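What follows is a short report on a single structure.
The values are calculated or read from the model by the stated rules, or taken from the named source; none is laboratory data. Model, not experiment: these values are computed from the prediction. All Cβ positions, even for glycine, are placed from backbone atoms using ideal geometry, and neighbour counts span all protein chains on display.
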Amino acid sequence: MSEVLEKILDYPVIKQVNKREYKLVEDYKTVLPCLDRIEIKKGFIYDGASIPSVFWSLIGSPFTGEYTRPALIHDALYCTHYYTKDETDTMFYMQMLACKVSEDKAMAIYYAVKFFGGGVFNNHNQESIKYNRKFVNVINTVVEKGLMK
(Lines give C-alpha, C1' and ligand atoms only; values in the text may rest on other atoms or scores of the structure.)
Protein backbone atom coordinates (compact mmCIF):
# COMPACT_ATOMS: atom_id res chain seq x y z
CA MET A 1 0.00 0.00 0.00
CA SER A 2 1.32 3.46 -0.86
CA GLU A 3 2.35 5.87 1.89
CA VAL A 4 -0.26 8.37 0.66
CA LEU A 5 -3.07 5.81 0.89
CA GLU A 6 -1.88 4.67 4.33
CA LYS A 7 -2.06 8.28 5.56
CA ILE A 8 -5.58 8.71 4.16
CA LEU A 9 -6.71 5.52 5.90
CA ASP A 10 -5.37 6.44 9.37
CA TYR A 11 -8.15 6.69 11.96
CA PRO A 12 -8.45 9.82 14.12
CA VAL A 13 -8.76 9.38 17.89
CA ILE A 14 -11.92 11.19 18.97
CA LYS A 15 -14.05 11.67 22.08
CA GLN A 16 -17.73 12.59 22.18
CA VAL A 17 -18.29 16.08 23.62
CA ASN A 18 -22.09 16.22 23.35
CA LYS A 19 -24.90 14.69 21.29
CA ARG A 20 -23.66 16.14 17.96
CA GLU A 21 -19.97 16.98 18.43
CA TYR A 22 -16.70 15.15 18.85
CA LYS A 23 -13.26 16.39 19.76
CA LEU A 24 -9.90 15.15 18.52
CA VAL A 25 -7.97 13.61 21.40
CA GLU A 26 -4.71 13.34 19.43
CA ASP A 27 -3.28 15.32 16.54
CA TYR A 28 -4.37 13.94 13.16
CA LYS A 29 -2.22 14.21 10.05
CA THR A 30 -3.01 12.96 6.58
CA VAL A 31 -2.52 13.65 2.90
CA LEU A 32 -5.21 15.34 0.84
CA PRO A 33 -6.11 14.13 -2.65
CA CYS A 34 -4.32 17.19 -4.08
CA LEU A 35 -1.22 15.80 -2.24
CA ASP A 36 -1.08 18.70 0.21
CA ARG A 37 -0.72 17.62 3.82
CA ILE A 38 -3.22 18.55 6.51
CA GLU A 39 -2.57 18.64 10.24
CA ILE A 40 -5.52 18.88 12.60
CA LYS A 41 -4.55 19.48 16.23
CA LYS A 42 -6.08 17.80 19.24
CA GLY A 43 -8.92 19.85 20.65
CA PHE A 44 -10.53 20.46 17.25
CA ILE A 45 -14.30 20.03 17.62
CA TYR A 46 -16.46 18.95 14.70
CA ASP A 47 -19.91 17.53 13.97
CA GLY A 48 -19.06 14.71 11.57
CA ALA A 49 -20.99 14.02 8.40
CA SER A 50 -23.98 16.34 8.38
CA ILE A 51 -26.53 13.72 7.42
CA PRO A 52 -30.15 14.55 8.28
CA SER A 53 -31.52 11.99 10.73
CA VAL A 54 -34.25 11.00 8.27
CA PHE A 55 -31.49 9.45 6.07
CA TRP A 56 -29.56 7.67 8.85
CA SER A 57 -31.20 4.32 8.08
CA LEU A 58 -30.04 4.58 4.44
CA ILE A 59 -26.61 6.20 4.78
CA GLY A 60 -25.65 6.01 8.44
CA SER A 61 -25.31 8.50 11.27
CA PRO A 62 -22.68 11.28 11.34
CA PHE A 63 -20.02 9.17 13.11
CA THR A 64 -20.55 5.73 11.61
CA GLY A 65 -19.25 4.35 8.38
CA GLU A 66 -16.09 4.77 6.40
CA TYR A 67 -16.96 8.39 5.57
CA THR A 68 -16.14 9.57 9.12
CA ARG A 69 -12.44 10.26 8.36
CA PRO A 70 -13.21 12.23 5.21
CA ALA A 71 -15.93 14.09 7.16
CA LEU A 72 -13.37 15.24 9.74
CA ILE A 73 -11.16 16.66 7.00
CA HIS A 74 -14.13 18.17 5.17
CA ASP A 75 -15.28 19.91 8.37
CA ALA A 76 -11.74 21.18 9.02
CA LEU A 77 -11.44 22.58 5.50
CA TYR A 78 -14.93 24.11 5.53
CA CYS A 79 -14.22 26.13 8.67
CA THR A 80 -10.77 27.32 7.56
CA HIS A 81 -11.36 28.20 3.89
CA TYR A 82 -7.94 26.93 2.79
CA TYR A 83 -9.68 25.81 -0.40
CA THR A 84 -12.85 26.85 -2.19
CA LYS A 85 -16.08 25.06 -1.35
CA ASP A 86 -16.00 23.17 -4.67
CA GLU A 87 -12.40 22.05 -4.13
CA THR A 88 -13.21 20.93 -0.59
CA ASP A 89 -16.32 19.01 -1.68
CA THR A 90 -14.40 17.30 -4.50
CA MET A 91 -11.60 16.24 -2.13
CA PHE A 92 -14.26 14.92 0.27
CA TYR A 93 -15.66 12.72 -2.50
CA MET A 94 -12.18 11.46 -3.47
CA GLN A 95 -11.33 10.69 0.17
CA MET A 96 -14.57 8.76 0.62
CA LEU A 97 -13.66 6.55 -2.35
CA ALA A 98 -10.15 6.04 -0.94
CA CYS A 99 -11.75 4.99 2.37
CA LYS A 100 -13.84 2.34 0.61
CA VAL A 101 -17.19 4.14 0.71
CA SER A 102 -19.28 2.73 -2.13
CA GLU A 103 -19.39 4.93 -5.21
CA ASP A 104 -23.19 5.34 -4.94
CA LYS A 105 -23.06 6.37 -1.29
CA ALA A 106 -20.06 8.68 -1.86
CA MET A 107 -21.86 10.33 -4.77
CA ALA A 108 -25.05 10.80 -2.72
CA ILE A 109 -23.12 12.39 0.16
CA TYR A 110 -21.08 14.50 -2.28
CA TYR A 111 -24.20 15.93 -3.95
CA ALA A 112 -25.76 16.60 -0.55
CA VAL A 113 -22.81 18.78 0.52
CA LYS A 114 -22.46 20.28 -2.95
CA PHE A 115 -26.06 21.52 -2.99
CA PHE A 116 -26.77 22.05 0.71
CA GLY A 117 -23.38 22.83 2.29
CA GLY A 118 -23.07 26.40 1.03
CA GLY A 119 -24.72 27.90 4.08
CA VAL A 120 -22.28 26.17 6.42
CA PHE A 121 -19.26 27.10 4.30
CA ASN A 122 -20.34 30.74 3.92
CA ASN A 123 -21.30 31.04 7.60
CA HIS A 124 -17.63 31.26 8.61
CA ASN A 125 -16.37 34.82 9.01
CA GLN A 126 -12.77 36.04 9.25
CA GLU A 127 -12.81 35.70 13.04
CA SER A 128 -14.01 32.07 13.04
CA ILE A 129 -11.63 31.18 10.18
CA LYS A 130 -8.71 32.65 12.13
CA TYR A 131 -9.75 30.77 15.28
CA ASN A 132 -10.15 27.43 13.47
CA ARG A 133 -6.78 27.83 11.72
CA LYS A 134 -5.21 27.52 15.19
CA PHE A 135 -6.29 23.87 14.99
CA VAL A 136 -5.91 23.21 11.25
CA ASN A 137 -2.85 23.67 9.08
CA VAL A 138 -2.44 22.79 5.41
CA ILE A 139 1.06 22.37 3.99
CA ASN A 140 1.29 22.91 0.26
CA THR A 141 3.71 20.26 -0.96
CA VAL A 142 4.64 22.18 -4.12
CA VAL A 143 5.76 25.22 -2.13
CA GLU A 144 7.33 23.07 0.59
CA LYS A 145 9.56 21.30 -1.94
CA GLY A 146 10.67 24.61 -3.44
CA LEU A 147 9.03 23.99 -6.79
CA MET A 148 7.02 27.20 -6.54
CA LYS A 149 7.65 30.38 -4.59
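A few notes on this one:
- Some residue of the stretch 124-132 being under 16 Å from Arg20 (Cα atoms) and modelled with pLDDT of 95 or more: no
- Residue in the stretch 105-123 that is modelled with the highest pLDDT, counting only those that are surrounded by 15 or more Cβ atoms within 10 Å (Cβ to Cβ) and among the small types (Gly, Ala, Ser): Ala106
- Among the residues of the stretch 90-106, those that are closer than 16 Å to Tyr11 by Cα and not hydrophobic (A, V, I, L, M, F, W, C) comprise Gln95, Lys100.
- Per-region count, the stretch 8-46, residues assigned to a loop (DSSP other than H, G, I, E, B) and buried (at least 20 other Cβ atoms within 10 Å of the Cβ): 3
- Test result for Lys15, within 17 Å of Thr141 (Cβ to Cβ), at pLDDT 75 or above and basic (Lys, Arg): no
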